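Written out below as structure tokens is the structure these notes cover.
The values are calculated or read from the model by the stated rules, or taken from the named source; none is laboratory data. This structure is a prediction, so every number in the text was calculated from the model and none was measured. We place every Cβ from the backbone using ideal geometry, glycine too, and count neighbours over all the protein chains shown. The protein model used for the area step is the full one, side chains on, heavy atoms only, and it has no ligands, DNA or RNA in it. Shrake-Rupley method; radii C 1.70, N 1.55, O 1.52, S 1.80 Å.
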Amino acid sequence: FITVIWLSIIIFLPQVVSSVLDICVTTISFEKVERKITRDIYDKAKKTDYKYFDTPEFYDNYTWTINERISKANEARSMIISFFASATTIVSIIGLIVTQDFIIVLITVAALSISLFIGFKNNKVLYKKHEDGAKAYRSLSYINRVFYNKEWAADIKTTNVGDKLMRQYNNSYDDVFGTIKKYRGRIAGYNCLSFALSFFVQVAITMYLCYRVMNGELPIGSFVGLIAASGVLKDRLAQLFNFVQNFNRLSYYAEHLREFEELPSPIENSLDVGDSDCSVPFEVELKNVSFAYPGS
């Protein structure tokens, strides 16, 4: 009875506190963070040399940075809230279990640590899959934009450009399917290993506690309480390790932001327009200006 009460408090209280903090505090805090990130991206775009915008690699990185900033920021926010709730529950449950049997904690932590290592390996594969598929998805996005944009409707109807775009559409999706097939085996394998380890933890703990009951070392009431507590501990530790794993995954995507931020723009940086007031008439004089494409 006491164990049930403790478990209820341990599980319920951190979730309530985290939910209240998320609504009252972290929501506006992360909106401010998102605003700062977005403004930095736009400011960097203003100061980036125009030549990069004709480079597919740059445009892949730039569009990803713009499109993914919100989802990745929200994902980080959810992970941080989950981390604090899980950490509080874990500390409390470990204190509860240690008074009965510390081996349960060792089994759980050891198995989930291996699962975390597997998760790191899986993150590398997922990121590589994302990179390999970026070109195909950029092509699909372009085709989608052309077919939905009114200004291109006349060209599509009066020329054979529509047929060409449809062929490119099919080719791009073939590339997407190829990328999925290339990595799906390894991703499925890593996921199966993680599920197997999770299953092993529950079976190993149950068999160990049954052994202690059969030897008269553990009362039935304690057996039931420890089974419940170990299940909660496993779930919360899995959440905590999942936080670390996801943080590792987000660190790969953060490279896009870092590469974008560190992109050299010698032309833009050499300009000094001063504090000109563009609301009043002004003159721009060009002398000895010429243009040529590289190598032509």
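Given the peptides 146-155, 188-197, 278-287, arrange them by the average over their residues of other C-beta atoms within 10 Å, most packed first. Before the final figure, lay out each step's value.
Details: 146-155: 11.0, 188-197: 14.8, 278-287: 5.4.
Per-residue Cβ counts within 10 Å, averaged per peptide and sorted highest first, yield 188-197, 146-155, 278-287.
Model label sites at I227 and K46, defined 7 Å from Cα along the beta-carbon direction, differ in position by 6.5 nm.
Please state the charge dipole magnitude for the chain, taken about the Cα centre, from unit charges on C-beta atoms (+1 on K and R, -1 on D and E), reported in debye and rounded to the nearest 20.
Working: 32 positive and 31 negative charges, 233 e Å.
Using Cβ point charges on Lys, Arg, Asp and Glu, the chain gives about 1120 debye.
For F53, put the label point 7 Å out on the Cα→Cβ axis and report which residues of segment 279-296 keep their amide N under 20 Å from it. The answer is 290-294. Working out 0.36 nm times the residue gap between K157 and K121, then minus their Cα-Cα distance, what length gain in nm do you get to one decimal? Gain on stretching K157 to K121: 8.1 nm.
Please enumerate, by chain and number, the lysines with C-alpha under 21 Å from the C-alpha of K135, excluding those fewer than 8 residues away in the same chain. List returned: K51, K72, K124, K164, K181, K182.
For the peptides 72-85, 201-214, what is the packing order when you average, over each peptide's residues, the other Cβ atoms within 10 Å and list the highest mean first? Walk me through the intermediate numbers first.
Values: 72-85: 17.1, 201-214: 15.4.
Descending packing order for the listed peptides: 72-85, 201-214.
Segment 179-241 and segment 72-105 have Cα centres separated by 15 Å.
How much of the accessible area of the chain, probe 1.4 Å, is carbon plus sulfur, in whole percent? Please report the intermediate quantities before stating the final value.
Numbers: 12370 of 19860 Å².
Solvent-exposed carbon and sulfur of the chain make up 62 percent of the total.
What does the net charge come to around L193 if you take all other residues with beta carbon closer than 14 Å to its beta carbon, with K and R at +1 and D and E at -1? Taking every other residue near L193 into account, the sum is +2.
Span-like helix check, the chain: qualifying full DSSP H segments, with Cα axial length of 20 Å or more and mean Kyte-Doolittle of 0.5 or more, are 2-21.
What accessible area per residue, rounded to a whole number of Å², is obtained for segment 178-296 using a probe radius of 1.4 Å? Please list the in-between numbers first.
Values: 8490 Å² over 119 residues.
Per residue, segment 178-296 has an accessible area of 71 Å².
How much mean residue ellipticity at 222 nm does the chain get from its helices, if each DSSP H run of length 4 or more adds -39500 (n - 2.57) and you divide by all residues, to the nearest 500 deg cm²/dmol?
On the way: 8 runs with 236 residues, N = 296.
So the helix-based figure for the chain works out to -28500 deg cm²/dmol.
Remark: the Cα gyration tensor places segment 65-203 in the prolate category, a/c being 1.5 or greater and a/b exceeding b/c. For I93, the shell of other residues with beta-carbons less than 15 Å away shows a net charge of 0, using +1 for Lys and Arg and -1 for Asp and Glu.
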